[in-house]
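First comes the structure, then the notes that go with it.
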Amino acid sequence: MGIREETEKKVFAYIEEQGMLSAGDRIVAGVSGGADSVCMLALLLAWRERRPLSLAVAHVNHGLRREAGEDAGYVEELCGREGIPFLLTESDVRRTALEEGCSEEDAGRRIRYRAFREAARRTGADRVAVAHNSDDNAETMLFHLFRGSGPAGLGGIAPLRREEGGLWILRPILCLERREVEAYLRERGISWRRDGTNEGDDYCRNRIRHHILPYAGAEVSEGAVGHMLRTAGLLRETEGYLRQQTEEALRQCAVRDGGEVAGEPTGMGADAVPESAVSAVGGGAGYQVDVEAFLGFHRALQGRMLLELLKRLSPTGKDILAVHVQDALALFRREGNRYVTLPFGITARRQYGQVLLERGKTGEGNEDGISSFLGEPVEVPLTEALFGTPAVFRLGDFGELEFSAFFIKKEWEVPKNRYTKWFDYDKIEDMHSMEEPAVIRSRERGDYLTITRGAGSMAHKSLKDYMISEKIPRQLRDRIPVVALGNHVLWLVGWRISEAFKVSGDTRRVLQVRLTGQNEESGTEEKDVGAH
């Protein structure tokens, strides 16, 4: 049996084993023109020869490379030869990263999946195929391991995932290693495009790909990637079992306000939160957990139960960290009527034999369950003292803002999480009188952000216009804290910072502003590999 036959047999068996495709399905394939996505397209076409399948291709031009137009042309030509609809999306990743306050890698991923969802809508498809392979999965597992993760993260990339709205994301070549992908294409005489950004070591994942995985395969265990794929499958099965156990445990020890049993965990994945789970505990709602029953379960389930409930009480189901869970767990293990405040206006309170998890009941919350800041303006002196002692300012249920300053090291990386921001201290000093303090307050008429326009030029954008463009609900706009110098907004907390004060290669001194809860450090970075 040749390479082509072996590869198709392996992939087709994997598709059937995972229940990815059925006869008559309508599917959009995300094809960049690279080896992985071209291989996936070829295999889907081979599958179509056996079973009827409606297939369309979505291609995203990220606007990062001069050759990007040639990549799009190549994919369009492939589609033309096969008579497949070709849907092109052109984007500006750098601009999106600036506007959404994320890394270019994350912006690219967001743009791709938006394009895939739109392509599915336009073609009537309910499935999107993306071309992650076994090496991608191994990279993701190691990435999560090095940064700290539980079974869900160590389970790597799911072969099949259903999004809200019913759209399925499937990965039909997740069973193939990169070498198998390229061998299949060579056997069939199919060319592919090469992306130079994958060759360098600028991204953490590239360093894992180029150095750690080859070393593991050569010096630790031959076939390391394949072994990791099997381990990922076992971990996903374990995670599924633990979700079931968590659901059953919650039914036995927790109820919603009003007495309803608190089962039904959020999980189809580590970051999946059904809309119903969030809306069911609208502002002012919460959970009552029986302490004695809770402590009767294994410690592993205790942490999962609390994480589950806190995720449901948060507005997005994200940004609840291990430290928040530990803070809440302490209430179960020490007697006395005490409480801790957590992000998003969530309060965990010990009351006799129960722990109450509540959101928005302290008068600071709102109907959307998002923490609110409606206090008096707070002055923040930007002085040299910040280089020695951080200044911390309490913002009611919103948490605390910590201001500190330091000299930057030779090798540095700007935090990419939502709740820790860096500013160039010297730029602030040059553009603003340091004798006048910064202010933490609600928005005011005349507030503006500095944003980047084309060719790197700067422009002012009113804070009102920014909030409208970001679709921030009107009832929340006065409740989000602003860190400002006069009317110049440094940071709309939890959202965008001003481009005027961003750190650069010339930065020597950094002003760090971090949003924390009462007993924790908040904020986390989320990564996902994109389609290849």
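The values are calculated or read from the model by the stated rules, or taken from the named source; none is laboratory data. All values derive from a computational prediction rather than experimental measurement. All Cβ positions, glycine included, derive from the backbone under ideal geometry; neighbour counts span all protein chains shown.
Checking the condition touching a residue at least 60 places away in the same chain (Cβ under 8 Å), buried (at least 20 other Cβ atoms within 10 Å of the Cβ), under 18 Å from Leu160 (Cβ atoms) and not hydrophobic (A, V, I, L, M, F, W, C), which residue from Gly19, Gly30 passes?
That would be Gly30, the only listed residue that is touching a residue at least 60 places away in the same chain (Cβ under 8 Å), buried (at least 20 other Cβ atoms within 10 Å of the Cβ), under 18 Å from Leu160 (Cβ atoms) and not hydrophobic (A, V, I, L, M, F, W, C).
Between a first residue in region 91-114 that is assigned to a helix (DSSP H, G or I) and a second residue that is polar (S, T, N, Q) and surrounded by fewer than 17 Cβ atoms within 10 Å (Cβ to Cβ), which pairs have beta carbons less than 7 Å apart while being 6 or more apart in sequence or on different chains?
The qualifying pairs are Ala97/Ser103; Leu98/Thr452.
Which members of region 51-76 meet the condition of being under 17 Å from Met40 (Cα atoms) and among the basic types (Lys, Arg)?
Answer for region 51-76, where residues must be under 17 Å from Met40 (Cα atoms) and among the basic types (Lys, Arg): just Arg51.
Of all the residues that make up region 378-391, how many are free of Cβ contacts under 8 Å to residues at least 40 places away in the same chain and closer than 22 Å to Ile480 by Cα?
1
Need the failing condition index for Asp319 against (1) within 23 Å of the chain's Cα centre (by Cα); (2) at positive phi; (3) at pLDDT 75 or above; (4) not hydrophobic (A, V, I, L, M, F, W, C), just the number.
Here Asp319 meets the rest and fails (3).
Give the residues of region 473-503 that are under 22 Å from the mean Cα position of the chain (by Cα) and either more than 22 Å from Glu400 (Cβ to Cβ) or in a helix (DSSP H, G or I) (or both), sorted by residue number.
Pro473, the sole residue that qualifies.
Looking only at residues in region 439-458 that are at pLDDT below 85 and aliphatic (A, V, I, L, M), which one is farthest from Leu490 (Cα to Cα)? I'd like the intermediate steps shown before the answer.
Kept after step one, since they are at pLDDT below 85, are these residues of region 439-458: 452-458.
Imposing the further condition that a residue be aliphatic (A, V, I, L, M) reduces the set to 455, 458.
Details: Ala455: 22, Met458: 14 Å.
By that ranking, first place goes to Ala455.
Being part of a strand (DSSP E or B) and over 19 Å from Tyr14 (Cα atoms) narrows it down to one residue among Ala56, Ala72; which is it?
Among Ala56, Ala72, only Ala56 is part of a strand (DSSP E or B) and over 19 Å from Tyr14 (Cα atoms).
Would you please name the residue that is surrounded by the most Cβ atoms within 10 Å (Cβ to Cβ), looking only at residues in region 126-152 that are in contact with a Phe, Trp or Tyr (Cβ under 9 Å, 6 or more places away or on another chain) and among the charged types (D, E, K, R)?
Once the filter is applied, the top-ranked residue is Arg127.
Those residues that are buried (at least 18 other Cβ atoms within 10 Å of the Cβ) and within 20 Å of Tyr74 (Cβ to Cβ), I need them from region 88-125; list them, please.
Ser91, Val93, Gly108, Ile111, Arg112, Ala115, Phe116, Ala119
Quick check on region 42-53. Is at least one of its residues surrounded by fewer than 15 Cβ atoms within 10 Å (Cβ to Cβ) and under 30 Å from the mean Cα position of the chain (by Cα)?
No: zero hits.
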